[in-house]
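Okay, structure first, notes after.
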Amino acid sequence: MRVAMIGTGYVGLVSGACFADFGHVVTCIDKDPSKIERLEKGEIPIFEPGLDDLVARNVREGRLFFTLEGAQAIKEADAVFIAVGTPTRRGDGHADLSYVYAAAEEIAGLIDGFTVIVTKSTVPVGTGDEVEAIIKKARPDALFAVVSNPEFLREGAAIEDFKRPDRVVVGTEDERAQAVMRELYRPLSLNETPIVFTGRRTSELIKYAANAFLAMKITFINEMADLCEKVGADVQQVARGIGLDKRIGGKFLNAGPGYGGSCFPKDTIALVRTANDYGAPTRLIETTVAVNDARKKAMAQKVAAVLGSEDLAGKTIGVLGVTFKPNTDDMRDAPSLDILPALQAMGASVQAFDPEGRHEAERLLPDVDFKTGPYEAAAGADVLLILTEWDQFRALDLDRVKLLMKAPVVVDLRNVYKPAEMVRAGFTYASIGRGGTVSPAVAAPSITLVSVKG
C-alpha cells in the first residue's frame, strides 16, 4: 500500500519506517527543511535504538522517502497519517490541536479517490469529528474516512513495540477504512496481534485512559516509597509482592523521582481538562498530576537533606543522566528540569553527563556544566546524583568514583544500586523507599562480646 506520513517527529518517523519495513511504500512529509535535509543524508534527528539502521535499509530498498512537498504522495496514498505534535496549550492545559487541523486542511485539497485519513497523534475525544468536518467543508465531494489509530510506543523500545504490539487500536465504523487498516497491519497477523476495532471517540479515549492509568500506577508506587521510608520497609520488595498479582502486574512499579517525557505529563493534563469540560471530573488523575509535580520538586530537598543543609553554596553536585528515561535523547518534562535548577537555586554548582541528551539539555539547562563521561561528572563532587538509569551507570567502578569525589556520597533516585553494596564500598547512600540514608558508620554491624565459661 502507499502511505503518506505527515510529521517526522518521534511517532511519525518510527511509524513510517516500520510500515516501510512491512513492505508498504511510505513518504514522510515535514515542513522543517533542516530535518528533511538530515533525513535525506541518512542522519536521524532523534535517538532511538535501531532506528538508524531501519531507516537506512528501507531507503536503500526504495520503500521509504522524505520530502518537504507532499502533494504527490498524499494524492497517491491509500492512507494519510497525521503524526504531528499536540503539545500542552499555554494558559489552559488543553492539547494544542493547531498542527492537526492545519494538516487536515492541507490533506483536504490533495486527496484523490477514496483515502483513509488516520490520526496517529494523541488527540482529545472528538478531534476526529473536527478533522472530518474540516475536510468536508473544504472538499464536499471528497471520498474519505477519518480513522483514529493511537500509538503506544515506548521511547527506547519503539520499534519492538510497533512490530510486536500488545494490541492495535483502530477507531472507525467505516467498512472500507477497516479493510485498509487491516491490510496496513496485516504483517502483524503472523504474531496474532489483536486488532481492536472501536468507534472513533472510543479509540481516542483509549489512548488517554491508558497513559493516565500508567501515570497513576507510577505515582502510586512513589507514594508507597515515601511510606516505606517512614516505616522501614523496602519499596522494591513491596512492588514485587504486589506485582506478582496478575491483576496488578509488575510493570510501571519502579519508584523514582516522578514521571516525565513526551506523553504522560501532557496527556494526563489534557484528560483532566477534557473531563472537566464534559462535567465528568477525573479526581484520581487530577491528584496524580499534582502529586507528580510536587514529587519532582521535592527531590532537590532530598539531596539537600543528605548533605545536611539547604544552603548548598560551595557544593558541587555530580549528575548521571538528565533525559526522562534511558535509551532516548528526549528531555520533555524530564525530572532533571525541575531538580537541577532547584539545586542551583540553593547555591550548588551542577556538573552532569548523559549519553545522548547533552545537545538538548545544554539548551534547557544552560548553567549546568556538561561533562564527557560519568567519571568526569563525579570528579570533585560533594554528592553524586543518579537521575536516569542508563545501563552504563549500573556497574560503575565504585573505587574509582570514591577516589574522584570530594566526599563519597551518592543519592540514587532510580535505585540502581543496593544499599548494602554501597555501604561496603564506603559510600553514604540514599535511595528511594529503601530505609533512608545509610553510611558505613551507621550500617556497620555491632559486635557483642560474650564471655563463655569452660
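The values are calculated or read from the model by the stated rules, or taken from the named source; none is laboratory data. Predicted model only: the values in this text are computed from it and were never measured. Reconstructed Cβ throughout: ideal geometry from the backbone, glycine too, with neighbour counts over all protein chains shown. Areas reflect the complete protein model, heavy atoms only, side chains present, ligands, DNA and RNA absent. Shrake-Rupley method; radii C 1.70, N 1.55, O 1.52, S 1.80 Å.
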Sequence order, segment 347-364: Karplus ³J(HN,Hα) from phi using 6.51 cos²θ - 1.76 cosθ + 1.60, θ = phi - 60°, Hz rounded, Gly and Pro as x, gives x, 7, 9, 10, 10, 9, 9, 9, x, 10, x, 4, 4, 6, 5, 4, 6, 8
For the chain, longest principal axis from Cα atoms; helix 264-277 axis from its Cα atoms; angle between them, nearest 10 degrees, is 60 degrees
Taking R0 as 41 Å and r as the Cβ-Cβ distance between Ala179 and Lys246, the FRET efficiency 1/(1 + (r/R0)^6), rounded to the nearest 0.05, comes to 0.70
Rounded to the nearest 10 degrees, the helix 175-184 long axis (Cα) sits at an angle to the longest Cα principal axis of the chain of 50 degrees
Among His359, Ile248, Ala378, the residue whose Cα sits farthest towards the positive end of the charge dipole of the chain (+1 at Cβ of Lys and Arg, -1 at Cβ of Asp and Glu, taken about the Cα centre) is Ile248
So the angle from the long Cα axis of helix 283-307 to the longest Cα principal axis of the chain, reported in degrees to the nearest 10, equals 40 degrees
Counting every C-alpha pair in segment 104-182, the percent lying more than 17 Å apart is 51 percent
For the chain, dividing by residue count, accessible area per residue (probe 1.4 Å) in Å² works out to 46 Å²
Taking 4-14, 148-158, 27-37 and ranking on average Cβ neighbours within 10 Å, highest first, one gets 4-14, 148-158, 27-37
Site Leu364, offset 7 angstrom along Cα→Cβ, radius 13 Å on amide nitrogen, limited to segment 315-350, gives 321-326, 328-341
Distance in nm between Asp399 and Arg424 label points, each 7 Å along Cα→Cβ, equals 1.4 nm
Highest mean packing first, using Cβ neighbours within 10 angstrom, the peptides 188-198, 289-299, 272-282 sort as 289-299, 272-282, 188-198
Subtracting the Cα-Cα distance of Glu43 and Tyr101 from 0.36 nm times their residue separation yields 18.0 nm
Treating only Lys and Arg (+1) and Asp and Glu (-1) as charged, each at its beta carbon, one finds that segment 127-270 has a dipole about its Cα centre, in Debye to the nearest 20, of 160 debye
Summing -39500 (n - 2.57) over every DSSP H run of at least 4 in the chain, dividing by its residue total and rounding to the nearest 500, the 222 nm mean residue ellipticity is -13000 deg cm²/dmol
In nm, the gap between the two label points placed 7 Å beyond Cα toward Cβ at Glu61 and Leu190 is 1.0 nm
So the carbon and sulfur contribution to the accessible area of the chain, 1.4 Å probe, in percent, is 52 percent
Once both label points are put 7 Å beyond Cα along the C-beta direction, the Ala294-Leu143 separation in nm becomes 5.8 nm
Residues meeting the amide H criterion for Met5 (H placed from the backbone, H to H distance under 5 Å, 5 or more places apart or on another chain) are Thr27, Cys28, Ile29, Phe81
